[in-house]
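Heads up: the structure comes next, in structure tokens.
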Amino acid sequence: MLVSVVGLLYFYALGCGRIVRGHDAKGTRFVCSAIPKNVDPGCSLPPNPMQSTSAQEDELRGTVMQLRETVLQQRETIVNQQGTIKELTSKLSRCETAALDTLHDGKYPGSWRQDGKNTMGDLPRDPTETIDHLGKTMQSLKDRLGNLEQQIRVNGSAAGQSSEMREVLKSRLSELEKQLLGKVAELEEEKSQLYNETTAHRQRTETTLNQLLERITELEKGSSKFKSPEEFKLSLPLRTNYLYGRIKKSLPEMYAFTICMWLKSSASPGIGTPFSYAVPGQANEIVLIEWGTNPMELLVNDKVAQLPLSVSDGHWHHVCITWTTRDGYWEAYQDGEKLGSGENLAPWHPIKPGGAIILGQEQDIVGGRFDATQAFVGELSQFNVWDRVLRPADIEGLANCSSYMPGNVVPWVDSNVEVFGGATKWALEMCEDRLYDS
């Protein structure tokens, strides 16, 4: 390029000036001088040729310097553009490589999934990203509508055609908005359902695992002096306010329950209180009591239902009571047979958690202030609590010793029962002792 510039300057000198040959002692030189277009190139030199030649050389030198700077700037621009081209080429190569890797991994781009279902474009799987993508799509459509309206105005289309086109575009955009909003609502609902189902499943799984771990821990302790951890009875021989047993575990919040036990008593009048459950603010959250000449009663949240049960004949009897918060419906079983039922016993009341379960005494405060006249006198075994209503067939199986089903909330285990005030625990094979007793 520099050679081309020098050549141009040379021809410029030939066309715009004339060559003057001079002789001196050192040799020959040529001098270029600018002349007007209408002047004969063969005319004589100006009176002061050396001074004129110097001015022309300065002008040409300035022109050459400007051209040289221009050439350098163009060269720098070309170098920058080459760098940009290389960078874009590198990015394009990486994109092509990523696309090939995606295809090899079995992820199919575009609006059709591998299972052949249309996904309305390349939507992300995550609902939040999908909503963002739909929002961007909506904005893009609005921008396109604005551009079309502007083009129609610029092109000077007829007012009728512009209005008609605008209405058509608005109608199409409105339909697309409805579709997108519907899809967003579906995704939000699906996300909420999945979250709720996952949370409920996790809670059920954690509850089951905790129960299994507690049961395993109790069995692994191996500290029971009995043949089996559940083969024992609690003996409360005197009507006092200091003999009792205490269940180490408490109850969770429950909306239904089944409580079963074996009882043996000949106390009169009334066998007393086989068990009571008290919570802060309510000492009579759940109570089973036969006091004085009154019939046996079930209390839930201090509400009372009389039970048609009679177990004070000195023999073993299997007793089960069920209750559900729905309509406060209850049932009473003796020796596997349902003897009574009713409703409106503390309906829609949830059993409160975190209280104390006492065997043999009625609580006036949580864990204490017992009344000797309400104490249970006799023997008690197999006290189990479930957080659901058992089927009649399950209760019958427990009563006739054809099945064994420990409570999923409170099982009857030696390590789970503490005794106080002279109450004792004795070995007992319930079914054998019951047969001998009968």
Out of every Cα-Cα pair in the range 259-342, what percent are more than 17 Å apart?
45 percent
Largest-first ranking of Leu307, Leu187, Leu92 by accessible area, probe 1.4 Å, whole protein assembly kept, is Leu92, Leu187, Leu307
Under a crude label model (7 Å from the Cα following the beta-carbon direction), how far is Leu238 from Phe420 in nanometres?
1.6 nm
So what does Asp143 come to for accessible area, using a 1.4 Å probe and Å² rounded to 10?
80 Å²
Length gained when the stretch Glu253-Arg166 is fully extended (0.36 nm per residue, less Cα-Cα span):
25.1 nm
Report the extension gain between Leu339 and Ile78 in nm, rounded to one decimal, defined as 0.36 nm multiplied by the number of residues separating them, less their alpha carbon distance.
83.8 nm
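Can you list, largest first and rounded to whole Å, the semi-axes you get for the range 320-438 by taking the square root of 5 times each eigenvalue of its Cα gyration tensor?
Details: eigenvalues 113, 104, 39 Å².
Over the Cα atoms of the range 320-438, the ellipsoid semi-axes are 24, 23, 14 Å.
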The FRET efficiency for Leu88 and Gln193, from their Cβ-Cβ distance with R0 = 45 Å and rounded to 0.05, is 0.45
Please find the FRET efficiency linking Lys183 to Gln203, where r is the Cβ-Cβ separation and R0 is fixed at 30 Å, and quote it to the nearest 0.05.
0.45
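Taking Cα pairs under 8 Å and at least six residues apart, what relative contact order does the range 246-301 come out at, in percent? Mind dumping the intermediate values first?
Details: 65 pairs, mean separation 13.7, N = 56.
About 25 percent, as a whole number.
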What is the diffusion coefficient of the range 355-423 in µm²/s, taking the Kirkwood radius over Cα pairs and the Stokes-Einstein relation at 20 °C with a viscosity of 1.002 mPa s?
151 µm²/s
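The values are calculated or read from the model by the stated rules, or taken from the named source; none is laboratory data. Only a predicted model underlies this, so the values are computations on that prediction, with no experimental measurement involved. A quick note on method: Cβ atoms are made from the backbone with ideal geometry, for glycine too, and the neighbour counts reach across all protein chains shown. Protein only, heavy atoms only, side chains kept; ligands, DNA and RNA dropped before computing areas. Shrake-Rupley method; radii C 1.70, N 1.55, O 1.52, S 1.80 Å.
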